Every structure is written in C-alpha cells, then in structure tokens.
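The values are calculated or read from the model by the stated rules, or taken from the named source; none is laboratory data. Only a predicted model underlies this, so the values are computations on that prediction, with no experimental measurement involved. Methodologically, a virtual Cβ is constructed for each residue, glycine included, from the backbone with ideal geometry; neighbour enumeration extends over all protein chains shown. Surface accessibility is based on the protein's heavy atoms, side chains included, excluding ligands, DNA and RNA. Shrake-Rupley method; radii C 1.70, N 1.55, O 1.52, S 1.80 Å.
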Amino acid sequence: MTNNWASEVNYQTLVLRNNLLQDLRAFFAQRSVLEVNTPTLGIAGVSDVHLASLTVPLGAHLGYLQTSPEHAMKRLLANGSGPIYQMCPAYRAGEFGDRHNIEFTMLEWYQPGYSMDDLIAEVGELLKKICDLEPEVISYQSVFELHCGISPHLAPVEDLVLLAKEREIDATHLKDVDDSQADYLDLLFSALVQPHLEAVVVVDFPACQAALANYGVNTSGETVARRFELFLDGVEIANGYDELRDGDEIRKRFENNNAIRERRNLPVVPLDEQAFIAMSSMDPCAGVALGVDRLLMHLCGVREISKVINFARDHWPGIK
Amino acid sequence: MATYSTNEFKSGLKVILEGDPCNIVENEFVKPGKGQAFNRVKLKNLKTGRVWERTFKSGESIEAADVMEFDMEYLYTDGEYWHFMKTDGSYDQLGADKSSVEECIPWLKETDRYVVTLWNESPIAVSPPNFVELEVSETDPGLKGDTAQGGSKPATLSTGAVVKVPLFINVGEVIRVDTRTGEYQNRVKN
C-alpha cells in the first residue's frame, strides 16, 4: 500500500481528540496542576525488563526516546514543582498491535502529598468528567480469585502453570523463562480476568510486579505493590503508583532489572543517576500515567489504535 | 529458509508449526502493563484442519511455509488419486491423494470448483465451496401434502453424502447443502 498516504483516523475522531485534549487540560487547570514539558529524548532509558527504548545516536552517547516522562518529571518534583502533568509522545520499541503503537500520547501526572487512594479518587473524577463512568475499585487479589480461583499472592508458580493447563491457555512463550511467577500471573490475568474489566480500578498488585511502587501490606497481611491500574472495556488505560522514594531500594530494583536483562540477552541500560537522586529526594507523592489514545478508543468505540493515531501504521512491519 | 518474526504476523500468513503447515487465523499482540510482551496466535493446521492457540515471545521467528492455494476444477478419481485442473487458463492438472481430499469427498462433484492447497507443490488439502448443489440419489418417497414444515428424513446424495432433508424431497431432485455444517439449505429448481 505505497499510496496509502491518507490517515485512517476519520474527521469525527480528529474532533473527538481535540475535545478530549481540551477537556483534560481544563480538568487539570481547575485543580491548579501545572502543565510541563520535559524532553522526549532522555539521557537514560527505563530498566523495566519488559520495556524497550528506542535509541538515537548522539555522537559519543545514545539518546533514549522516553517510554514515559517519569524520570524527568520526578526531577521537577524533587525541585519543588508541586503538582504537575504532561501530555507528550512516548515511545516503546517493538509494540505494534490493535492496542499498541510504538509512538503514542501519554498523560502523566503527579500529586505531592497524595496517597494512592487519593489519586485513584482523582482518576475516578477525571473519568466521570470525560466518560461519565464511575469505575469500581477492587484489589488484584479479589478479582484474580474471583476469575481464577486461586490467590495471586500465595499460589506457587507450579499452581499457576497447572491452572493455565486446565484452562487450556497456551504458555509456549514462557517455556525457557526463569523466574516466571510474574509472567504466569500476567498470562492468567490477561486471559481470564482482563476481559471482564469493563470499568474497574485494580489495586495492590503482587509484590513481584512492583516496578517503582512502594510495597505495602494488605488486609490479609501479604506484601503487595501499592500500584493500581485502570481498565476500560478490558483494556488497560492507566497505571499508577504510590511512588517509591527509598534510594537504596530504587537502585536495587534497577540493578536487579539489569541483571535479568543481561541473563536474557537484552540491552543493559545505563542507570539514570539524575533520576535516582530526584526520586529519593522528592516529597511523598502518587503518580499515574494514562494512555490518551486508548481513552480516545473508548470514547470512539473502536477496537484498533490505528483508528485514533494518525499514520500509526507507517512504521508497522509486515503491513505494507 | 524464510522466516517470519512475530511482528510480521497477520491473518492469512502461512507458517510451519511442529512440522505442519499452518495458516494464521488470528494474531493478537499482548503486552501486560509491566509484563513480558507476547503474541497470542490462532493457527489452523492446514493438513488436519485443527485450530491451535499458541503464544509466541514477541520478536521470536518461525519458519514460513511454502503454501499456495489454487482454484481448481474437479475432474475425476482413479480410486487412488483425485484429479483437479487449474482454472487460470493453464489447464495444469494434478492428483491429490486420499488423505488430502478425504474430508471433501462427500462434496466432490465433477466440473465444480474447489480450493486446492499445495505445500511444497504437493496437495495437502481440498476445500469445497460453502454451498454445493447435489442430486438426491436415494431417499424414502416424498409424502403427498407435505409442505416446507414438518419432520425430516435421511437422503443419500450423488456423492454418497447423507444429509437430513425435509419429507417432501424426492429422488432426482437437486438440493443445496452447506458444506460447513452438512445441513440442507433448500431445493434447487432444475
């Protein structure tokens, strides 16, 4: 399709995007959250084992197209910015599909002094305003037990493997993976739980999926990650944390990620020392990243992200 | 050896899985929030017709299958092979063995067109059109006064296929059958 120059995004969707961006800005303006811009070309990438940064050669070093503006925004927070938000392009290498594109629009915001529950309430208010939806809040444990019948915090990986077999969920892609607890939880969650999540905020993730969230203890006494995700129509829309600020723990998690990267022959990423200093010196806060394009998909009632991002397929492999 | 990476996967792509040629029916890229990306893929085994659901690590490659499909006209069988002819004007002929044609045998009628799937240039599957029109060769006599409503009875068709037909159908009549379900559709005026 070499002459496929026109956008797959129709005019009505262009208008809806315009309105969505305006509504989001109005929402934050009303709350005196400052809009900021930080470089999309960063000095380091994330170390998350499952996120791949696109890199740009800059003479002696590499620039990292940001998978989210998290690191730079935390440098602003540490410097006393107060509540801030940003809407910007974010990039993730190798992500193509009905709900993924390598470049997408992310809305990320931070609220110093907010607990995770405060921020979940704010996400709820935003959703009420934009989509007239009031999402239900439920723990990862409850929703996992409801649909899978076992505890995500207590079940050993062997039980997760067995459950996948019983429910005829293929797991060929995990056959050579060491340390696959988190992967099996993801597989089961995506196949058995996620399709049921019409408008739900899932809170308190398994500790093995903490990323940059603080640990906490749930009512049954298990260690959980103080992290939440918003789902609409079975699609993950937003991911938020009670932000980790313990410098040693942050370094430990990054180094651990890099060790796994090395084991799996993935590129090891330079540690973002600037961001480490910022993260360990910022005030307690909660932050969340929301996929604007997926929210727009919900508003337009479409199931393909290429129907809401202009020229998304320009970079897709094997399509032209 | 040609290969396809998961990010080239799309429906209609022909690949080799466990030694058998398969057609990708559905491909979904799954990337849990902070988790490992994978592709959840439905593949139809072109030899057995079975549909498999498999997950692939994103970025993994699998072997491409040299599979082609042709519109071909059914000519005849010599008992060992079923002979077909291309309809592209080349008049090329080929013989398909029993294992590749077996499921299609009840629907094979001379001069009708079928899709013949070739893997490494040998036929591995023959698929009938969704609807075929076949003559009834054997059934209980039709009951007078029966209309389109009411019970059914078995009828043997010219190809040997047995389908349930309404009571008013008689030997010698031509009926339309859905080959996907093996169900009677309607009587064809001839």
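Can you tell me the FRET efficiency between residue A:146 and residue B:92 if r is taken as the Cβ-Cβ distance and R0 is 51 Å, rounded to the nearest 0.05? Let's see the in-between values first.
On the way: r = 59 Å, r/R0 = 1.15.
About 0.30, to the nearest 0.05.
Report the B-A buried area as the accessible area lost on both sides summed, probe 1.4 Å, in Å² to the nearest 100. Mind showing how you got there, number by number?
Numbers: alone 11200 and 15470 Å², together 24550 Å².
So the total buried area for this chain pair works out to about 2100 Å².
Roughly how many Å² of residue B:139 are accessible to a 1.4 Å probe, to the nearest 10?
Ignoring ligands and nucleic acids, residue B:139 comes out at about 30 Å².
Quick check for you: with a 1.4 Å probe and neighbouring chains kept, what is the accessible area per residue of chain B, in Å²?
On the way: 10110 Å² over 190 residues.
Counting only protein heavy atoms, the per-residue value for chain B is 53 Å².
For residue B:162 and residue B:174 in one chain, what is 0.36 nm times their gap in residues minus the Cα-Cα distance, to one decimal in nm? Each step should come with its number before you reach the end.
Details: separation 12, 0.36 × 12 = 4.32 nm, distance 1.36 nm.
Residue separation times 0.36 nm, minus the Cα-Cα distance, leaves 3.0 nm.
Per the 1.4 Å probe, what fraction of the accessible area of the protein assembly as shown, in percent, lies on carbon and sulfur atoms?
Solvent-exposed carbon and sulfur of the protein assembly as shown make up 48 percent of the total.
With the Cα gyration tensor of chain A giving a ≥ b ≥ c as the square roots of its eigenvalues, does the rule (a/c under 1.5 for rounded; else a/b larger than b/c for prolate; else oblate) give rounded, prolate or oblate?
Details: a/c = 1.18, a/b = 1.11, b/c = 1.07.
It comes out rounded by the Cα gyration axes.
Taking springs between alpha-carbon atoms closer than 10 angstrom, which of A:100, A:61, A:147 fluctuates most in the Gaussian network model of chain A?
Of the options given, A:61 has the highest mean-square fluctuation.
Among A:42, A:287, A:247, which one shows the biggest mean-square fluctuation in a GNM of chain A, springs joining Cα atoms closer than 10 Å?
For chain A, modelled as a Gaussian network with Cα springs under 10 Å, the answer is A:247.
Do you know the relative contact order of the stretch A:1-129, to the nearest whole percent, from alpha carbon pairs under 8 angstrom that are 6+ apart? Walk me through the numbers on the way to the answer.
Details: 151 pairs, mean separation 26.1, N = 129.
Taking the mean separation of contacting Cα pairs over the length of the stretch A:1-129, I get 20 percent.
Classify chain B from the C-alpha gyration tensor, please: rounded if a/c falls under 1.5, else prolate or oblate depending on whether a/b exceeds b/c.
Working: a/c = 3.44, a/b = 1.80, b/c = 1.92.
Oblate.
Defining a contact as two alpha carbons under 8 Å apart and six or more residues distant in sequence, what relative contact order in percent does the stretch A:217-320 show?
Numbers: 87 pairs, mean separation 26.6, N = 104.
For the stretch A:217-320, the relative contact order is 26 percent.
Residue A:285's amide H: which non-local residues (gap 5+, or another chain) put their own amide H closer than 5 Å, with H modeled 1.01 Å from N in plane and none for Pro or chain starts?
For residue A:285, whose amide H was placed from the backbone, the distant partners under 5 Å are A:113, A:243.
Using a 1.4 Å probe on the heavy atoms of the protein chains only, list every residue of the stretch B:1-50 that has 40 Å² or more less accessible area in the complete assembly than in its chain alone.
B:7, B:10, B:29, B:31, B:32, B:33, B:34, B:36, B:38, B:40
Please give the Cα centre distance for the stretch B:1-54 versus the stretch A:268-296, rounded to the nearest Å.
35
Which net charge results when you count Lys and Arg as +1 and Asp and Glu as -1 among the other residues whose beta-carbon is under 13 Å from that of residue B:67?
Numbers: positive: B:14, B:44, B:47; negative: B:20, B:63, B:66, B:69, B:121.
For residues surrounding residue B:67, the net value is -2.
How big is D for the stretch A:115-245, in µm² s⁻¹ as a whole number, if Stokes-Einstein is applied with the Kirkwood radius of its Cα pairs at 4 °C and 1.567 mPa s? Walk me through the numbers on the way to the answer.
Details: Rh = 15.3 Å.
Estimated via Stokes-Einstein, D reaches 85 µm²/s.
What residues of the stretch A:176-194 lose no less than 40 Å² of accessible area with every protein chain in place versus their chain by itself (probe 1.4 Å, heavy atoms only)?
Hits at the 40 Å² cut-off: A:186, A:190.
Pick from A:55, A:38, A:219: which is most flexible by mean-square fluctuation in a GNM of chain A where alpha carbon atoms under 10 Å apart are linked?
Comparing A:55, A:38, A:219 in a Gaussian network model of chain A, the most mobile one is A:219.
Give me the accessible area per residue for chain A, probe 1.4 Å, as a whole number in Å². Could you put the intermediate results ahead of the total?
On the way: 14440 Å² over 320 residues.
Each residue of chain A exposes 45 Å² on average to a 1.4 Å probe.
Excluding residue A:234 itself, calculate the net charge of residues whose Cβ lies under 15 Å from the Cβ of residue A:234, where each Lys or Arg counts +1 and each Asp or Glu counts -1.
Values: positive: A:99, A:294, A:303, B:31, B:40; negative: A:98, A:136, A:186, A:198, A:229, A:233, A:236, A:304, B:28.
Summing Lys and Arg as +1 and Asp and Glu as -1 gives -4.
Expressed as a rounded percentage, what relative contact order does chain B have, with Cα pairs under 8 Å and six or more residues apart? Don't skip to the answer; put the middle values down first.
On the way: 423 pairs, mean separation 26.0, N = 190.
It rounds to 14 percent for chain B.
Say a paramagnetic label sat at a point 7 Å from the Cα of residue A:16, along Cα to Cβ; which residues of the stretch A:211-234 have their backbone N under 15 Å from it?
A:232-233, by backbone N distance to the label point.
Determine the sum of side-chain charges near residue A:31: Lys and Arg each +1, Asp and Glu each -1, restricted to other residues whose C-beta is under 10 angstrom from that of residue A:31. Don't jump to the answer; show the numbers that get you there.
Details: positive: none; negative: A:122, A:125.
Local net charge: -2.
Taking Cα centroids, how far is the stretch A:57-129 from the stretch B:170-190 in Å?
Cα centroid of the stretch A:57-129 versus Cα centroid of the stretch B:170-190: 62 Å apart.
Which whole-Hz couplings ³J(HN,Hα) result when phi for each residue of the stretch A:249-254 is put into the Karplus expression 6.51 cos²θ - 1.76 cosθ + 1.60, θ = phi - 60°, listed in order with x for Gly and Pro?
Computed from phi, the couplings for the stretch A:249-254 are 5, 4, 4, 4, 5, 5 Hz.
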